[in-house]
Amino acid sequence: NGKIYVRPDAQKTNAYQSCKNVVLSPDAAMNTKPQLEIYADDVKCSHGTTTGKMNEEALFYLQSRGIPKDAARTLLLYAFAEEVVSHIKIQPIREYLEGI
């Protein structure tokens, strides 16, 4: 769940909410609920969500270049997560997450 809440006096607010998910097994499920609650007139707010499985074409491409399947899968997951992890300002936490 995620919510953008814009108060009545928050004119000129510009907000965007994004939720991106990767489903890693056939038994996995993802439910997302992006919400906008806007009480001002002069705002620009939007939201979006995407959910999908691992890109099989990208996985095949990496394997065709000699990267083993497990390593290719790890590389693709790292690229997916790095978009968020790179914005973490607390260095020890960012380094810990990059390590796993």
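The values are calculated or read from the model by the stated rules, or taken from the named source; none is laboratory data. This is a predicted model, so every value here is computed, not measured. Note: ideal-geometry Cβ built from the backbone for every residue, glycine included; neighbour counts use all protein chains shown. Side chains are part of the model used for accessible areas, which takes the heavy atoms of the whole protein and leaves out ligands, DNA and RNA. Shrake-Rupley method; radii C 1.70, N 1.55, O 1.52, S 1.80 Å.
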Inset, instruction - At a Cα cut-off below 18 Å, give the aspartates and glutamates reachable from residue 69, other chains included and same-chain residues fewer than 8 away excluded. - result: 56, 57
Inset, instruction - Please give the residues of segment 32-48, grouped as numeric ranges, whose backbone N is less than 16 Å from a label point set 7 Å along the Cα-to-Cβ vector of residue 5. - result: 34-40
Legend entry - Cα centroid separation - segment 1-49 against segment 80-95, whole Å: 21
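Given the chain, what whole percent of its Cα pairs are spread farther than 23 Å? Before the final figure, lay out each step's value.
Numbers: 2431 of 4950 pairs.
Every Cα pair in the chain considered, those over 23 Å come to 49 percent.
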Legend entry - Carbon plus sulfur fraction of accessible area for segment 11-82, probe 1.4 Å, in percent: 53
Inset, instruction - Go ahead and collect, in residue order, the members of segment 51-85 whose backbone nitrogen is under 11 Å from a label point 7 Å along the Cα-Cβ direction of residue 18. - result: 83-84
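Per residue, how much accessible surface does the chain expose to a 1.4 Å probe? Answer in Å², no decimals.
Details: 7850 Å² over 100 residues.
The answer is 78 Å² per residue.
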